[in-house]
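Below: one structure, written as structure tokens.
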Amino acid sequence: MDHGLLRGSAVVTVLILSEEYDPSVDRVVLALDDWDVPVVRVDLAWFPQHLSVDAEFDGTGWNGGLRAPERYVTFVDLRAVWYRRPTPFTFPGNLTGQRRAHAEREARFGLGGVLASIPAAWMNHPHRDAEAVYKPRQLALASRCGLRVPRTLVTNEPDAVRRFAEATEHGIVTKMLGSNVLVEGGHRYVAHTQGIREADLTDLDGVELTAHLFQEWVPKAHEVRVVAVGYELFAVAIHTDDPEAHVDWRANYDVLRYAAIDVPDFVAAAIREFLTASGLAFSALDFVVRPDGRWVFLESNPGGQYGWLHAVWGTAISDAIAAYLAHGGVQR
């Protein structure tokens, strides 16, 4: 892609909805500025105290825009929106209980509804983001698109866990269905993927309280993180000799080794089909590569982090995101 074609011309207005401090977003903003692409960055947490909306529907579309100190963007000028992990709305401290819940609900349906209806190129549209985080849906869709997926159980029945474990060849693991971070009493707890031992199956107290995800253990040579930007794929092999990181590499970044790799053609084609079916322009996908070389899909994170891969790919991922937004979603 010849990014230099963008210099000197306001090709597109880009709106970035992100948390205020995100180094990955900073790199994309710098690239867009370098290409003279108009860009406005706001955090939804500023609404309603430091961000306001003025939107009027004229029968064909929404007029007006968003206003923050020293920033203004009109809806009719928008050609691309990057929905990059914005933080929740923040309301005045004197708004409590049901009033706060009501204000949050109205902001979500009001401001959120206007934004969601903007006919821009989204990365990713918030509704597609919301659908894409459901792991059971991911696995079913990935399988239909031609990717190998592990046998998986979602249950709150202890006997079902024991039945599932007995039927697997290499044992099972458990992982979170949603966020793996819990903040309680001022402490932050992180739940990584955990292996289930034979002794654990005798005491499954607590499983009945909610839904849990259990998955067959897939023998692994190494793992792979694939960052997809439109149709471009950036893959990094993740190697470790650490037993804990071998189960879940997020448990210890200090013992990981990275290497840029190519994605096999048939896997790349299946990934692109998966992204199209999901309506995603960006996602971070995780795979296990078995000792026999077969790739097995684990999950897809539509808001996944990729900044830690800068040492491998340099600015290539940020440049690809900036180019996608600058061209209004059209890859050149």
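The values are calculated or read from the model by the stated rules, or taken from the named source; none is laboratory data. Keep in mind the model is a prediction, meaning the values are calculated, not measured. Cβ atoms come from the backbone with ideal geometry, glycine included; neighbour counts cover every protein chain shown. To get the accessible areas, we keep the full protein, side chains included, count just its heavy atoms, and leave off ligands, DNA and RNA. Shrake-Rupley method; radii C 1.70, N 1.55, O 1.52, S 1.80 Å.
Here residue 87 fulfils each of the conditions (1) within 24 Å of residue 228 (Cα to Cα); (2) among the polar types (S, T, N, Q); (3) modelled with pLDDT of 95 or more apart from (3). Checking each residue in segment 140-151 for being on the phi < 0 side of the Ramachandran plot and open to solvent by 20 Å² or more (accessible area, probe 1.4 Å) picks out 140, 143, 144, 148, 149, 151. Does any residue of segment 62-73 turn out to be in contact with a Pro (Cβ under 9 Å, 6 or more places away or on another chain) and touching a residue at least 40 places away in the same chain (Cβ under 8 Å)? Yes - at least one qualifying residue is present in segment 62-73.
Each residue in segment 152-174 was checked for being under 23 Å from residue 251 (Cα atoms) and in a loop (DSSP other than H, G, I, E, B), and 2 of them qualify. Of the residues contained in segment 136-149, one or more are found to be among the basic types (Lys, Arg) and under 13 Å from residue 300 (Cα atoms). Of the residues in segment 323-332, at least one is within 30 Å of residue 33 (Cα to Cα), of a type in the set (A, V, I, L, M, F, W, C), open to solvent by 40 Å² or more (accessible area, probe 1.4 Å) and in a loop (DSSP other than H, G, I, E, B).
Comparison of 277, 260, 228, 269 shows that the only residue that is surrounded by fewer than 16 Cβ atoms within 10 Å (Cβ to Cβ), part of a strand (DSSP E or B) and within 21 Å of the chain's Cα centre (by Cα) is 260. Residues in segment 231-257 that are assigned to a strand (DSSP E or B) and without any contact (Cβ under 8 Å) to a residue 40 or more places away in the chain: how many? So the answer is 5.
Each row is one residue, and each column tells you yes or no for (1) in contact with a strand residue (DSSP E or B) (Cβ under 8 Å, 6 or more places away or on another chain); (2) over 20 Å from residue 28 (Cβ atoms).
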| position | (1), (2) |
| --- | --- |
| 47 | yes, yes |
| 54 | yes, yes |
| 61 | no, yes |
| 75 | yes, yes |
| 78 | yes, no |
| 81 | yes, no |
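All of (1) in a helix (DSSP H, G or I); (2) in contact with an Asp or Glu (Cβ under 9 Å, 6 or more places away or on another chain); (3) not aromatic (Phe, Trp, Tyr) hold for residue 298 with one exception: (1). The number of residues in segment 261-309 being more than 15 Å from residue 220 (Cβ to Cβ) and touching a helix residue (DSSP H, G or I) at 6+ places or on another chain (Cβ under 8 Å) comes to 19.
The residue of segment 155-205 that is most open to solvent (accessible area, probe 1.4 Å), among those that are within 17 Å of residue 219 (Cα to Cα) and among the small types (Gly, Ala, Ser), is 167.
Counting only strands (runs of 3 or more DSSP E) that sit completely within segment 34-127, those holding 2 or more residues that are aliphatic (A, V, I, L, M), within 22 Å of the chain's Cα centre (by Cα) and crowded, with 17+ Cβ neighbours inside 10 Å correspond to 39-42, 78-84, 121-123. Quickly run through segment 128-151 and pick out the residues that are in contact (Cβ under 8 Å) with a residue 60 or more places away in the chain, under 13 Å from the mean Cα position of the chain (by Cα) and in a helix (DSSP H, G or I). Once the filter is applied, which keeps residues that are in contact (Cβ under 8 Å) with a residue 60 or more places away in the chain, under 13 Å from the mean Cα position of the chain (by Cα) and in a helix (DSSP H, G or I), segment 128-151 yields 128, 129, 131, 132, 135, 138. Considering the conditions (1) at pLDDT 95 or above; (2) among the β-branched types (Val, Ile, Thr); (3) over 22 Å from residue 325 (Cβ atoms), residue 60 is excluded by exactly one of them, (1). Output yes when any residue across segment 231-242 is open to solvent by 10 Å² or more (accessible area, probe 1.4 Å), under 24 Å from residue 153 (Cα atoms) and in contact with a helix residue (DSSP H, G or I) (Cβ under 6 Å, 6 or more places away or on another chain), and no when none is. No: zero hits.
In this structure, is residue 314 closer than 23 Å to residue 24 by Cα and at pLDDT below 95? In short, yes.
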